[in-house]
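The values are calculated or read from the model by the stated rules, or taken from the named source; none is laboratory data. Note that the structure is a prediction, hence the values are computed from the model and not measured. Methodologically, a virtual Cβ is constructed for each residue, glycine included, from the backbone with ideal geometry; neighbour enumeration extends over all protein chains shown.
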Amino acid sequence: MSAPSTNTPSIEKERVSTFVSITRVMLTGFMRDRTALFFTLAMPLIFLLLFGVLTKNAGTSHVKIAEVGQVAVLDSMPGDSRTELEKAVTITKYDDESVALQKVKKGDLDGLVEQGPNGQVVLRFSMSDQVKAGAVQTIVNSVVQQANQAASGQQPKFTLAPSQVEDNSLKAIQYLTPGLLGYAVATGAVFGTSLTLVNWRKRRVLRRLRLAPVSIGSVVAARVAVSVVVAFVQTAIFLVVATMPFFGLKLTGNWWLVLPLVVCATIAFMSIGFLTGAIAKTEEAASGISQIILLPMSFLGGAFIPIDNAPHWLQTVSRALPMRYLVTSAQSVLSKGGGVMDVLPAMGGLLAFAALFTAISWRFFSWDDA
Amino acid sequence: MTAAISADGIRKRYGDVQAVDGVSLTVETGEFHGILGPNGAGKTTTLEILEGIREPDEGRIELLGMAPWPRNAKLLPRIGVQFQASAFFVKLTARETIRTFASFYGVGPKRADAMLERVGLADSASVLTDKMSGGQAQRLSIACALAHDPELVFLDEPTTGLDPQARRNLWDLLRDINAEGRTVVLTTHYLDEAEVLCDRVSVMDHGKVLKTGAPAALVREIDDTVRVSVESGQLGVEAARELFAAAGAEIANLDDNGVSLAVSTRGPGPVLSVLAEQNALRGLEVRGATLEDVFLQLTGREYRA
């Protein structure tokens, strides 16, 4: 008889070795699972690229006008004024008025400028886009007034000295990055937890763990560690892509606060996965239930579109969702100069959510099918 | 020496179903014990209660002198439980799987690899468990149960779905495990398997143990007829009937189907000497009752769920 082992290693050592083994098992499984890799890493990134390209020029109301024939006020502008003007307006020359007019009617151009009699400048525009209609009038008017003032030969009495304080205009990439990052982190944490739980229960791995002298705490800790690692990888990819010159996200001073925020959000999302995994009996059911929670939560939490203009009651609903706390706080620290006090309350809220959902899930949890 | 397992009056009810209805069982240290029974007899629930996965409604259980319920971290390293073949982590190879399970017991990779070699999986160590054949997966499952060198091993239908070669190889392995001094508890549907491997078997049905004993003793107890057959054409049926009667053999049944002349009797001695005298022993076969006959006699022949 080969003597049964009598030298039981210290409990501490066993816990560490269990934690390390389970972490390794889950990371290896994740790396070898192409579906999981696609949905947690590739798809959110594709969303970011896609939305990023589509909305690249949104938010800045760039006006396009046609200059039909020679228009003195435009042609005689001094070089630097002209450069300044072209930051806001694209001017294209047309010889045929009817062609240009057709484009204005179709909305391809926002307005048409031509030389009228007696120094008149004729502007024809469409009201189809009211904002741009207003912008085109204001801009052309200011060009004419400048020309008048210059023609008078006097120094202007009043001048405006504009200077930007902060970038509050919220460029698309500034809400897309935290929003889609939120969606990515939630996908990884909810699905990772839910599918692991169902799969382990179905395959009786849970039973095996229960019959081995391992502490359940180290198994849970390993799952949290793996989900946090995945979330950090997602964060890194997103920040690298979003700060590329093409997308032009500018990180502000305390952007690193997004990391503790992502940790808390991961734990909160994991508690949702714990609930769906505890309820569902099969992987298919777990995926379905998780998706039913994840998608509405992402829309209402502002992951895809900003919800600042949503009806009041919807905003109230969104305050119950962990997604909102992640997205708004991440937005704040990533590019709007937010600091510790902007993320601490959100982190507290996320952890409270996690505690509540874990407590609920525990009631549904079972080690075995049936 | 205390018994490896002593269970007394275990009961477990699920809703309206009394799955286990007063099972008492003693398994001695070093014994190879089989639990037999048709589907739904309560074998699995009994095994799960013994392992400490489920809490019995009633009854007292001791494994190696300790109570398995509630979860007892002192007891767990001393028992090994083999699960049905798919109870592995996904996307892991055989080697990664056994090393992981071994690490839960503080057993290093060297010993885990040695265990893999012992069950003949050294060449398949880097195969993903999902891609293994049924026999390989069963052997891996057993290796995982043994990696930490347990004193008491539970095996749940370890040879289900295996081909005859794989089954024989596994039997050798199980015999070796037992020969090393480990106590083995096995559930199986295969009565030949129980007959070959087990020191004692317990036949269960309807949540109760109907009979416990050594397979040979149980077979003898049912006092069934012995079937003797030889090749046809050596002795006519009528001639045989007269000769057997003259020799004083009690014949239950006698016929010739053109292939074999077959005799069922409780006294095979006179039958065999008549056949020998007539020089009609070509193709001789003598078949006694088997554990299967015991099983069917105890549990009936109707279909089970």
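Which count do you get for residues in region B:199-239 that are assigned to a loop (DSSP other than H, G, I, E, B), over 13 Å from residue B:46 (Cβ atoms) and in contact with a Gly (Cβ under 8 Å, 6 or more places away or on another chain)?
Quick first cut of region B:199-239, residues assigned to a loop (DSSP other than H, G, I, E, B) only: B:199, B:206-207, B:214, B:222-225, B:232-236.
Retained after the next criterion (residues that are over 13 Å from residue B:46 (Cβ atoms)): B:199, B:214, B:222-225, B:232-236.
Filter once more, keeping what is in contact with a Gly (Cβ under 8 Å, 6 or more places away or on another chain): B:224, B:232.
Looking only at that region, the number is 2.
Mind checking which residues of region A:324-341 are closer than 19 Å to residue A:242 by Cβ and touching a Ser or Thr at 6+ places or on another chain (Cβ under 6 Å)?
From region A:324-341, those closer than 19 Å to residue A:242 by Cβ are A:326-338; that's our starting set.
If the condition is that a residue be closer than 19 Å to residue A:242 by Cβ and touching a Ser or Thr at 6+ places or on another chain (Cβ under 6 Å), then A:335, A:337, A:338 are the ones that fit.
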Checklist entry - Could we say that residue A:361 is in a helix (DSSP H, G or I), under 21 Å from the mean Cα position of the chain (by Cα), away from chain B (no Cβ under 14 Å) and among the polar types (S, T, N, Q) here? => result no
Checklist outcome for this item: Of the residues in region B:156-173 that are farther than 17 Å from residue B:120 by Cβ and at pLDDT 85 or above, the one that is farthest from the other protein chains (Cβ to nearest Cβ) is B:157
Checklist entry - Does region B:85-100 hold any residues that are closer than 16 Å to residue A:209 by Cβ and part of a loop (DSSP other than H, G, I, E, B), and which are they? => result B:86, B:87, B:88, B:89, B:90, B:92
Next on the checklist: Here is a check on your reading of the model: is residue B:103 touching a residue at least 12 places away in the same chain (Cβ under 8 Å), part of a helix (DSSP H, G or I) and crowded, with 22+ Cβ neighbours inside 10 Å?
Outcome noted: no
Checklist outcome for this item: Filter region A:85-120 for residues that are closer than 13 Å to residue A:69 by Cα and among the hydroxyl-bearing types (Ser, Thr, Tyr); the one that is surrounded by the fewest Cβ atoms within 10 Å (Cβ to Cβ) is A:98
Checklist entry - Is it the case that residue A:180 is in contact with a Pro (Cβ under 7 Å, 6 or more places away or on another chain) and at pLDDT 80 or above? => result yes
